[in-house]
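S.K.: Here it is, the structure in full.
The values are calculated or read from the model by the stated rules, or taken from the named source; none is laboratory data. Computed from a predicted model, the values in this text were never measured in an experiment. Positions of Cβ are backbone-derived with ideal geometry, glycine not excepted, and every protein chain shown enters the neighbour counts.
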Amino acid sequence: MTLDIRLPLGAFFALLGALLTAYGAATLGEPATAPTGVPIDLVWGAVLLAFGFGLLALVRRGR
Amino acid sequence: MTRLAWIDYVVMLLYFAFVLGIGATLRRYVHTSEDFFLSGRSIPAWVTGLAFISANLGAQEVIGMGASGAKYGIATSHFYWVGAIPAMIFLGLFMMPFYYGSRARSVPEYLRLRFDEKTRAVNAVSFAVMTVFSSGISLYAMGKLLNLLLGWSFDASILVAACVVLVYIFLGGLTSAIYNEVLQFFLIVLGFAPLVLLGLRAVGGWPGLSARLAEHATARGFAAGAYTRSWAFMGHAAANPVGVEWFGLVMGLGFVLSFGYWCTDFLVVQRAMAANSMTAARRTPLIAAVPKMLFPFLVIVPGMLALVVSPTSGVRNAGPAAAATITSTTATNLPQPPPTSAPASGVVPPKLDRRTGAPLHDAAGRVVLDYDLATPMLLVTFFPAGLLGLGLTALLASFMSGMAGNVTAFNTVWTYDLYQSYLRRAAPDSHYLAMGRYATIVGVVISIAAAYVAASFNNIMDFLQLVFAFVNAPLFATFALGMFWKRATGHGAFAGLLAGTLAAAAHHGLSLPVGATVGVKGGYLGSLTTYPSELAQTFWTAIVAWTACFVVTILVSLVTRPRAPDDLPGLVWGLTPKPTDPTLRWYQRPAALAVLVLAFTLALNLVFF
């Protein structure tokens, strides 16, 4: 194994999650960002953030 | 057309930066041709497993299965639970020991080791042509979709996507493709999961979806459960929207086509060959089978939802402010859902006449829907800015992973099976490494050219796909006899492949689906029989091809000289020691994983019976 794939994966999803969470928080209350009644950017951003950090934690534990 | 917000572009740019970054990082680890083409056989099973499934998760899967979900309902899951999982299990348990254990570097090379040079040449040439054209078709579909959905330039879309794929494969070879396929796998799963959740929420969950699809089914003359039950109406082809009866489905799709693809197609088998041990190689398709059996919920259900959600739900009913935003960012050149003509067309727009731009109607006067837009339309209906960027990036990832799979398979088969075998045999390894990189460039350039051919002559691409189907259908008979019957000979295999291909062409030429016109759909040799649907015709063509190849291979093998048994260890069952895993606990062994996957697949079939 040349590179632990979990490292770029974790970094990518953590960054993506942080981006979506921040955007979701900044636009909270605007109907266009919660069209189905769910502030989905905020919620799904948090899911991606947790997934990304989970992968990074696995990399750290593996070292 | 939908206009994107800045956040959507940032998400896409982040994705491009990471896939290129992975390629650039891996370049330093590529020293030999085996590093470039086979990842130095160093990748763990969970990575090759996810790459195995991701290489198959191209446009056809995400867009095509969504389209089939809208067209046929949950019966589309047969392509997974019947048409994929059993074959993947068979590959892992019984065929990988030969592919991996023989140290063949490609599937065509296995054919040379087992049979002879001419059998390998037929497979290598047809496969190389098939991969670059498949890649081109995928590229064309992506360019067309982005143009229709976002108004992006067709030329720019395909050039940017093709260049990104080219750069990361050129730099890091198969390892780069595999790593990016893992990233693309998670992106597709995490990009489409919220679509399913929001869509189901909008229609009242699975019960709400079933109730709405029941109305749709009865309006089309089927039983109420025809779109939400996978087996109950397969007794007769006319009783289900797929237009296929259970025997044709199980034999045609579940046996011939499925085993022919999953067990012999180098595009997917190459991922398993990159694994770091025999056990890892055997586990690769079994690990891939776990997400594969759940994919119907990710790619088929969106199509079913698109058919029944209200066109004013999602982003479009978010109140006056949202409505104003959407109106200001939504132009009108995207075909709109038919207003009242169909009882349940949801957000699926009508298919438009290319010349007049008017909606097309079928023989019964009903509006013909453009099912390929089912999933993309659901995406722009439910996803707000931000998540829309994620969804579209997931869509892009699916196109790119499919293309990368084709290009890496092409560069390997070209370099090892054609260039090294017939053009320059004994060059230094660095020469073949360089050739692999040049082949990557050539593969991408041909893909782009094929995309333009598809854009100009749609029927030519239909014709090419038909020829590929003829070539592929008999292949599993050749491999099955080669691996499990030591008496099979090279002359038998070669004659069987030709006979199978000719039988497929003859059957197709003598049959026609109901309502189709003579031509690329069949009937060009006369009309001997009619099938209730195109799928039924495809399945039976495959059955005929496989049977012809199987029978002719046996007959010719019996009258030609077989190879000595001493030449066949590692290549044929019975002459090869069975792989054992003494260091693994019972639940870690491939057989245990296979039983678990099979049991779960059976349960899914029963739940949606």
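S.K.: I'd like to check something: does the stretch B:216-233 contain any residue that is among the hydrophobic types (A, V, I, L, M, F, W, C), more than 30 Å from residue B:540 (Cβ to Cβ), modelled with pLDDT under 95 and in contact with a Lys or Arg (Cβ under 9 Å, 6 or more places away or on another chain)?
M.R.: no
S.K.: Being closer than 29 Å to residue B:593 by Cβ and buried (at least 20 other Cβ atoms within 10 Å of the Cβ) is the filter here; which residues of the stretch B:1-46 pass it?
M.R.: B:22, B:26, B:35, B:37, B:38, B:39, B:40, B:43, B:45
S.K.: Would you tally the residues in the stretch A:1-59 being under 8 Å from the mean Cα position of the chain (by Cα) and hydroxyl-bearing (Ser, Thr, Tyr)?
M.R.: The total comes to 1.
S.K.: Determine which member of the set B:501, B:489 is closer than 21 Å to residue B:133 by Cα, over 20 Å from the mean Cα position of the chain (by Cα), buried (at least 17 other Cβ atoms within 10 Å of the Cβ) and in the same structural domain as residue B:540 (by TED's automatic domain parsing).
M.R.: Only one candidate qualifies: B:501.
S.K.: Against the conditions (1) facing chain A (nearest Cβ under 9 Å); (2) in contact with an Asp or Glu (Cβ under 9 Å, 6 or more places away or on another chain); (3) under 30 Å from residue B:431 (Cα atoms), where does residue B:7 fall short? Just the number, please.
M.R.: For residue B:7, the exception is condition (3).
S.K.: Exactly one of these conditions fails for residue B:156: (1) surrounded by fewer than 19 Cβ atoms within 10 Å (Cβ to Cβ); (2) within 14 Å of another protein chain (Cβ to nearest Cβ); (3) among the hydrophobic types (A, V, I, L, M, F, W, C). Give me its number.
M.R.: It is condition (2) that residue B:156 fails.
S.K.: Could you please let me know if residue B:193 is at pLDDT 90 or above and surrounded by fewer than 23 Cβ atoms within 10 Å (Cβ to Cβ)?
M.R.: Judged against the criteria, residue B:193 is a match.
S.K.: Tell me which residues, restricted to the stretch B:557-574, are under 16 Å from residue B:491 (Cβ atoms), touching a Lys or Arg at 6+ places or on another chain (Cβ under 8 Å) and exposed (fewer than 14 other Cβ atoms within 10 Å of the Cβ).
M.R.: If the condition is that a residue be under 16 Å from residue B:491 (Cβ atoms), touching a Lys or Arg at 6+ places or on another chain (Cβ under 8 Å) and exposed (fewer than 14 other Cβ atoms within 10 Å of the Cβ), then B:558 is the only one that fits.
S.K.: Further question: Tell me, which residue of the stretch B:412-447 that is β-branched (Val, Ile, Thr) and crowded, with 23+ Cβ neighbours inside 10 Å is nearest to residue B:159 (Cα to Cα)?
M.R.: B:444
S.K.: Of everything in the stretch B:205-227, what is assigned to a loop (DSSP other than H, G, I, E, B) and buried (at least 21 other Cβ atoms within 10 Å of the Cβ)? Give them in sequence order.
M.R.: Result: B:226, B:227.
S.K.: Check residue B:561 against each of (1) in contact with a His (Cβ under 9 Å, 6 or more places away or on another chain); (2) closer than 29 Å to residue B:236 by Cβ and name the one condition it does not meet.
M.R.: (2)
S.K.: Using beta carbons and a limit of 9 Å, which pairs, at least six apart or on different chains, have the first residue in the stretch A:19-41 and among the β-branched types (Val, Ile, Thr) and the second one assigned to a helix (DSSP H, G or I) and at pLDDT below 75?
M.R.: Cβ pairs passing all conditions: A:27/A:33; A:33/B:322; A:36/B:314; A:36/B:315; A:36/B:317; A:40/A:33.
S.K.: Got a sec? Which of B:271, B:282 is surrounded by 24 or more Cβ atoms within 10 Å (Cβ to Cβ), among the charged types (D, E, K, R) and more than 14 Å from chain A (Cβ to nearest Cβ)?
M.R.: When all the criteria are applied, what remains is B:282.
S.K.: Out of the residues in the stretch A:1-53 meeting the condition of being in a loop (DSSP other than H, G, I, E, B) and under 30 Å from residue B:274 (Cβ atoms), tell me which one is modelled with the lowest pLDDT.
M.R.: A:1
S.K.: Now, a different point. Suppose the filter is polar (S, T, N, Q) and modelled with pLDDT of 90 or more; does residue B:375 pass it?
M.R.: Yes; evaluated as a whole, the condition is true for this residue.
S.K.: Another question, then. Yes or no: residue A:2 among the β-branched types (Val, Ile, Thr), touching a residue at least 12 places away in the same chain (Cβ under 8 Å), facing chain B (nearest Cβ under 10 Å) and touching a helix residue (DSSP H, G or I) at 6+ places or on another chain (Cβ under 8 Å)?
M.R.: Criteria not met by residue A:2.
S.K.: Test each condition in (1) farther than 29 Å from residue B:57 by Cβ; (2) within 25 Å of the chain's Cα centre (by Cα) for residue B:218 and report the one that comes out false.
M.R.: Just one mismatch for residue B:218, condition (2).
S.K.: What residue, of B:191, B:199, B:205, is on the phi > 0 side of the Ramachandran plot and within 14 Å of chain A (Cβ to nearest Cβ)?
M.R.: B:205 is the lone residue from the list that is on the phi > 0 side of the Ramachandran plot and within 14 Å of chain A (Cβ to nearest Cβ).
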